[in-house]
């Protein structure tokens, strides 16, 4: 073979090798730019499809009833991985982090629409995104369970500069929760002088019957160092089946758009006469500074609060706590000594006896009697007797 032939053969081989390398690079780049949904996600959807769309709804045909928390938890983990991959892709179109996350989640939503087509739309996999630069808070839901996941870029990873998105927190890590809420709401909050992103998660817990539980979790993200997602507000409570109970109105509205945040809730106490919490409150927090401050608590029935609290702490034999709701040591000691461990109110009757004075009877027939008075800006127990 001539030298010219050998040169042409060499060039042809080199060209072929280069083309192959470019093809492999292009394929790898394409895969990196469009992370595919994990096949495990579809398998989990197929497992969920064997259940009724809601644990509280009767099964249709061969559907299973009851909880499926383990499957849902795995499904949320898979969705979290998809979002993480999507956020770390630098596409040629320079899409925003929110758009990249939304693309990945929409593919999962479409997969659920296909796999869980027999379910109502609201029970299939769905999502919402709260864009709080430099964070993304993603709400995920399926069947009757919901959660949220927080994504951000910490400044450092193992002591080295970091530029990658990762999960920095979730509903499960935000508090002492042993189950997923049945519904969830995410709200952006006022940022302090530091400019750190803040948000509130309102979680509602419900069974197949009865009252509702509520939990407010406010969190703040700082990217400094390895990053920190800190709780800044935590409040648990309940809501009854009826928000128009005679003489026990719910109080306050959820307000999150200004530095002063208000959180309404109720709670079960020893003066409830049925499956509905009688006492309600609204808490106000000031978010104007970098340090969140509790401002005030307003009650729907401040006259009955000392009775409920006095009974609660007397049953625990906690004199130091009981005295805070009584006008004298004598009344506090009597409550601690004489109150039984269980009280069944059955009925509650309040009689006005003067300006800022009331006589309260608990039980049917009357078993316990309390006299309360307003002293300055609060009500206290001034008398107690047992039938």
_I'm told residue 297 meets every condition in (1) surrounded by 15 or more Cβ atoms within 10 Å (Cβ to Cβ); (2) more than 18 Å from the chain's Cα centre (by Cα); (3) in a strand (DSSP E or B) except one. Can you identify the failing condition by its number?_
(1)
*Taking the range 239-292 only, how many residues are surrounded by fewer than 14 Cβ atoms within 10 Å (Cβ to Cβ) and either in contact with a helix residue (DSSP H, G or I) (Cβ under 9 Å, 6 or more places away or on another chain) or closer than 29 Å to residue 347 by Cα (or both)?*
10
*Name the strands (runs of 3 or more DSSP E) wholly within the range 160-247 that hold at least 1 residues that are under 22 Å from residue 98 (Cα atoms) and within 12 Å of the chain's Cα centre (by Cα)?*
166-170, 183-188, 197-205, 212-222
*Pick from 186, 229, 200, 219: which is under 26 Å from residue 166 (Cα atoms) and touching a helix residue (DSSP H, G or I) at 6+ places or on another chain (Cβ under 9 Å)?*
229
*asked:* What's the number of the only condition in (1) in contact with a helix residue (DSSP H, G or I) (Cβ under 6 Å, 6 or more places away or on another chain); (2) over 30 Å from residue 47 (Cα atoms) that residue 101 fails to meet?
replied: (2)
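Each row is one residue, and each column tells you yes or no for (1) touching a residue at least 40 places away in the same chain (Cβ under 8 Å); (2) more than 33 Å from the chain's Cα centre (by Cα); (3) crowded, with 16+ Cβ neighbours inside 10 Å.
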site: 325; (1), (2), (3): yes, no, yes
site: 337; (1), (2), (3): no, yes, no
site: 342; (1), (2), (3): no, no, no
site: 354; (1), (2), (3): no, yes, no
_Residues within the range 112-138 that are surrounded by fewer than 18 Cβ atoms within 10 Å (Cβ to Cβ) and farther than 20 Å from residue 179 by Cβ, tallied_ = 10
*When you go through (1) touching a strand residue (DSSP E or B) at 6+ places or on another chain (Cβ under 8 Å); (2) at pLDDT 95 or above one by one for residue 181, which number turns out not to apply?*
(2)
*Among the residues of the range 139-148, write down those that are touching a helix residue (DSSP H, G or I) at 6+ places or on another chain (Cβ under 8 Å) and either surrounded by fewer than 23 Cβ atoms within 10 Å (Cβ to Cβ) or more than 19 Å from residue 101 (Cα to Cα) (or both).*
143, 144, 145
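Taking the conditions exactly as written (within 26 Å of residue 203 (Cβ to Cβ), assigned by TED's automatic domain parsing to the domain that holds residue 204, in a loop (DSSP other than H, G, I, E, B) and touching a strand residue (DSSP E or B) at 6+ places or on another chain (Cβ under 6 Å)), does residue 277 satisfy them or not? Walk me through it before giving the result.
Details: within 26 Å of residue 203 (Cβ to Cβ): yes; assigned by TED's automatic domain parsing to the domain that holds residue 204: yes; in a loop (DSSP other than H, G, I, E, B): yes; touching a strand residue (DSSP E or B) at 6+ places or on another chain (Cβ under 6 Å): yes.
Considered against the rule, which asks whether it is within 26 Å of residue 203 (Cβ to Cβ), assigned by TED's automatic domain parsing to the domain that holds residue 204, in a loop (DSSP other than H, G, I, E, B) and touching a strand residue (DSSP E or B) at 6+ places or on another chain (Cβ under 6 Å), residue 277 comes out as yes.
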*Residue among 331, 350 that is surrounded by 12 or more Cβ atoms within 10 Å (Cβ to Cβ), modelled with pLDDT of 90 or more and over 40 Å from the mean Cα position of the chain (by Cα)*: 331
*asked:* Of the conditions (1) part of a loop (DSSP other than H, G, I, E, B); (2) modelled with pLDDT of 95 or more, residue 264 satisfies every one except a single condition; which number is it?
replied: (1)
*From the list 178, 236, pick out the single residue that is over 23 Å from residue 75 (Cα atoms) and either without any contact (Cβ under 8 Å) to a residue 60 or more places away in the chain or in contact with a helix residue (DSSP H, G or I) (Cβ under 9 Å, 6 or more places away or on another chain) (or both).*
236
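Here are some residues: 213, 225. Which one is surrounded by 13 or more Cβ atoms within 10 Å (Cβ to Cβ) and modelled with pLDDT under 95?
Working: 225 fails: surrounded by 13 or more Cβ atoms within 10 Å (Cβ to Cβ).
Every option except 213 fails the conditions.
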*Looking only at the range 356-365, which residues are exposed (fewer than 15 other Cβ atoms within 10 Å of the Cβ) and modelled with pLDDT under 95?*
364, 365
*Would you mind finding the one in 332, 321 that is farther than 23 Å from residue 277 by Cα, in contact with a helix residue (DSSP H, G or I) (Cβ under 6 Å, 6 or more places away or on another chain), outside the structural domain of residue 278 (by TED's automatic domain parsing) and not in a loop (DSSP other than H, G, I, E, B)?*
332
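Answer yes or no as to whether residue 86 is in contact (Cβ under 8 Å) with a residue 12 or more places away in the chain, within 17 Å of residue 42 (Cβ to Cβ), assigned to a helix (DSSP H, G or I) and assigned by TED's automatic domain parsing to the domain that holds residue 44.
no
The values are calculated or read from the model by the stated rules, or taken from the named source; none is laboratory data. Please read all numbers here as calculations on a predicted model, not as lab measurements. In this analysis, Cβ positions are derived from the backbone assuming ideal geometry, glycine residues included, and neighbour counts consider all displayed protein chains.
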